[in-house]
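For reference, the structure is listed below as structure tokens.
The values are calculated or read from the model by the stated rules, or taken from the named source; none is laboratory data. Since the model is a prediction, treat every value here as computed from it, not as a measurement. Backbone-built Cβ (ideal geometry, glycine too); neighbour counts: all protein chains shown. Ligands, DNA and RNA are stripped out before the accessible areas are found, and what is left, the full protein with its side chains, is counted by its heavy atoms. Shrake-Rupley method; radii C 1.70, N 1.55, O 1.52, S 1.80 Å.
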Amino acid sequence: MAEIKVEGLRHVYSAGTPFEKVAIEDVSLTIPQGQLVGVIGHTGSGKSTFIQHLNALLQPTEGKVFVGGQDINASKYTRRDVKWQVGLVFQYPEYQLFEETVYRDIAFGPRNMKLSDEEIDQRVREAAKFAQVDEELFERSPLELSGGQKRRIAIAGVIALRPGVLILDEPTAGLDPAGCRQILDNICSYHRESGSTVIIVSHNMDDTARIAERIIAFDHGRVAMDGTPEQVFSEPEKLIAMGLDVPRATSLAMALKKAGIELEGSIYTHGQLLNAVLRAKEARVC
Amino acid sequence: MLKDITLGQFFPGNTIVHRLDPRTKLILVVVYIIALFQAKGWISYGAVTLATVLCMILSHIRPKNIFKGLKPMLFIIALTALLNLFYTEGREIIPGWHMTWEGLERSVQMILRIVLLITGTFLLTYTTSPIALTDGLEMLLGPLKKIKVPVHEMTLMMSMALRFIPTLIEETDKIMSAQKARGADFETGKLMDRAKALLPILVPLFVSAFRRADELAVAMESRCYHGGEGRTRMKTLRFAAHDWIALILGALFLAGMFVMKRYGI
Ligand SMILES: Nc1ncnc2c1ncn2[C@@H]1O[C@H](COP(=O)(O)OP(=O)(O)OP(=O)(O)O)[C@@H](O)[C@H]1O
Ligand SMILES: [Mg+2]
């Protein structure tokens, strides 16, 4: 199974030139098989750089990355094979689409896996359904679609690989609220049904709080916080100092506290907020 | 990886050579090339080499950067040298072999000539930003507008091409990453397979280049661009004292070369 282990990771862009930039530094962590992880952090904190190391698209300047116990940078063969295990949806979908038609674009991965034509067709349709890509779009060029449609196709192209580890870099940016919820729900059910590890980079704290089992917060290229949503969101001051937000439920609870209404327990989802308010109300009535 | 390619790229700086007017530098490069082709004997080659080294020192360009730019030309240089070595009549070095002392001398001079030629033009592109270069070119070629040569359009095209080379390289990198992420294989496999894997990069690259061109045109039009007629510049080029001095030195140098040619040295 595919446990991810990262040791002493450091990445420097344009090393040895005047434009040298340390993007991540001193990152060590383990993500067990089947975890749903949310990655948060301010703009430029190194999230995208970090996740591109997990499928060997970027090679570490220092440090090692293991997937399923195998050092993925051991040789060019391990670097290629890890792509079947770890599927990555890029932050900017327009950079991910390159085929002439939507159908061919989604089929690109399965075709590289040398699957049979029927199998490819089946996977394409399934992946399209997952990402809500209309089959009517199949013969269009992916480049002439809207931003949201492009993002769905990019997601479908990776889902078609059926990766054991699914990584999505801001998968819902640019989607309408309904599409957003739907995609996140589909990701959650993929996670449940296949037992895959899922890593989601997001700037949306509400979504992250709702679905993630674990949250990793990056700050200036280092891991600043790492724990359950409960632990991470119990320190809102720290998050705000890092230029991040807290979930709306948490900030509402903080506002209530300031107004003299103390709520019990840690609150980071709407459900928890509702329960806590109800409990507080009962306590008052008595 | 791909980004490390240098294409006569500009090294920003503030030396006297950087501050020269681009028109001066363009004229001087032409003068330099003419002078170089007047060199016949070792003394005149020595004079050009000396002038080149002097310019390199003045502009703080390191030899390392020149060598880097020369690398792609190595094949042509070697070929020229070999041809000259074998196809020049004269005294044979080893009897029976078609290799002559005269040929050896010629081929060393040819190598020197090509290296100096490239170095001279590199000095121009290393010390002049592409924008300044095309501005200077446009003004120098300005008189041709009288006979309906579209000078402004030509130089505009040139500066855009220069501007978009790095962008296209970056784009290629991104498309390759996207394909690699879904299992395209550029590293393992047979040479033929790897070459085939490169092909699908070209199509999206062209598509995106055309799209970019389209977007650029819209952006220019929405800022009321309407060609060269009556356009003013943000930076007007002006000749300063050092430009005149440089031009006079260039003229003297050229005259000197003609004299040396006369005496065959
Ligand atoms: N290709 C590159 N070349 C040079 N520097 C880069 C490159 N990509 C990223 N960087 C730099 O590395 C740092 C981390 O970038 P990264 O893209 O990982 O941030 P991020 O956390 O994903 O930000 P965002 O939330 O905006 O997506 C930034 O300072 C960025 O400027
Ligand atoms: Mg990012």
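Does the stretch A:39-75 hold any residues that are within 16 Å of ligand 2 (Cβ to nearest atom) and over 18 Å from A:S14 (Cβ atoms), and which are they?
Correct list: A:V39, A:I40, A:G41, A:H42, A:T43, A:S45, A:K47, A:I51, A:L54, A:N55.
Which condition breaks for B:V207 when tested against (1) open to solvent by 50 Å² or more (accessible area, probe 1.4 Å); (2) part of a loop (DSSP other than H, G, I, E, B); (3) at the interface with chain A (Cβ under 9 Å from one of its Cβ atoms)? The number of the failed condition is (2). Considering the stretch B:216-259, the residues that are of a type in the set (D, E) and without any contact (Cβ under 8 Å) to a residue 60 or more places away in the chain include one that is most open to solvent (accessible area, probe 1.4 Å), namely B:E229.
How many residues does the stretch B:129-138 contain that are outside any helix (DSSP H, G or I) and open to solvent by less than 10 Å² (accessible area, probe 1.4 Å)? So that I can check it myself, show each step before the final result.
Restricting attention to the stretch B:129-138, the residues satisfying the condition of being outside any helix (DSSP H, G or I) are B:129.
Next, from what is left, pick out any that are open to solvent by less than 10 Å² (accessible area, probe 1.4 Å): none.
Counting residues in the stretch B:129-138 that are outside any helix (DSSP H, G or I) and open to solvent by less than 10 Å² (accessible area, probe 1.4 Å) gives 0.
Restricting attention to the stretch A:91-109, the residues that are facing another protein chain (nearest Cβ under 9 Å) and either more than 18 Å from B:S208 (Cα to Cα) or in a strand (DSSP E or B) (or both) total 2.
Which ones in the stretch A:139-173 are under 20 Å from B:V203 (Cα atoms) and more than 10 Å from chain B (Cβ to nearest Cβ)? Spell out the reasoning first.
Step one: filter the stretch A:139-173 for residues under 20 Å from B:V203 (Cα atoms), giving A:139-145, A:150, A:153-154, A:157.
The answer is A:E139, A:R140, A:L145, A:K150, A:I153.
Residue check: is A:L29 more than 16 Å from ligand 2 (Cβ to nearest atom), aliphatic (A, V, I, L, M) and not in a loop (DSSP other than H, G, I, E, B)?
Values: more than 16 Å from ligand 2 (Cβ to nearest atom): yes; aliphatic (A, V, I, L, M): yes; not in a loop (DSSP other than H, G, I, E, B): yes.
Answer is yes for this residue.
Tell me the residue from A:P60, A:P32 that is within 16 Å of ligand 1 (Cβ to nearest atom), at negative phi and modelled with pLDDT of 90 or more, please. Lay out the reasoning, then the answer.
Numbers: A:P32 fails: within 16 Å of ligand 1 (Cβ to nearest atom).
None of the others qualify; the one that does is A:P60.
Do we find a residue being at pLDDT 85 or above, touching a helix residue (DSSP H, G or I) at 6+ places or on another chain (Cβ under 6 Å) and among the β-branched types (V, I, T) anywhere in the stretch B:95-113? Yes - at least one qualifying residue is present in the stretch B:95-113.
Taking the criterion of being more than 14 Å from every other protein chain (Cβ to nearest Cβ), open to solvent by 40 Å² or more (accessible area, probe 1.4 Å) and under 18 Å from the mean Cα position of the chain (by Cα), the residues of the stretch B:157-194 that qualify are B:M157, B:M158, B:M160, B:A161, B:L162, B:R163, B:F164, B:I165. Restricted to the stretch A:47-69, and to residues that are within 12 Å of chain B (Cβ to nearest Cβ) and not in a helix (DSSP H, G or I), which residue is most open to solvent (accessible area, probe 1.4 Å)? Filtering the stretch A:47-69 for residues that are within 12 Å of chain B (Cβ to nearest Cβ) and not in a helix (DSSP H, G or I), the one most open to solvent (accessible area, probe 1.4 Å) comes out as A:Q59.
In the set (1) over 22 Å from A:T197 (Cα atoms); (2) more than 18 Å from the chain's Cα centre (by Cα); (3) more than 12 Å from chain B (Cβ to nearest Cβ); (4) free of Cβ contacts under 8 Å to residues at least 24 places away in the same chain, A:P177 fails one condition alone, (2). Somewhere in the stretch A:120-134, is a residue closer than 23 Å to B:K174 by Cα, away from chain B (no Cβ under 12 Å) and free of Cβ contacts under 8 Å to residues at least 12 places away in the same chain? Within the stretch A:120-134 (the criterion being closer than 23 Å to B:K174 by Cα, away from chain B (no Cβ under 12 Å) and free of Cβ contacts under 8 Å to residues at least 12 places away in the same chain), the answer is no, since none of the residues qualifies. Number of residues in the stretch A:70-90 that are in a loop (DSSP other than H, G, I, E, B), more than 9 Å from chain B (Cβ to nearest Cβ) and crowded, with 19+ Cβ neighbours inside 10 Å: the value is 1.
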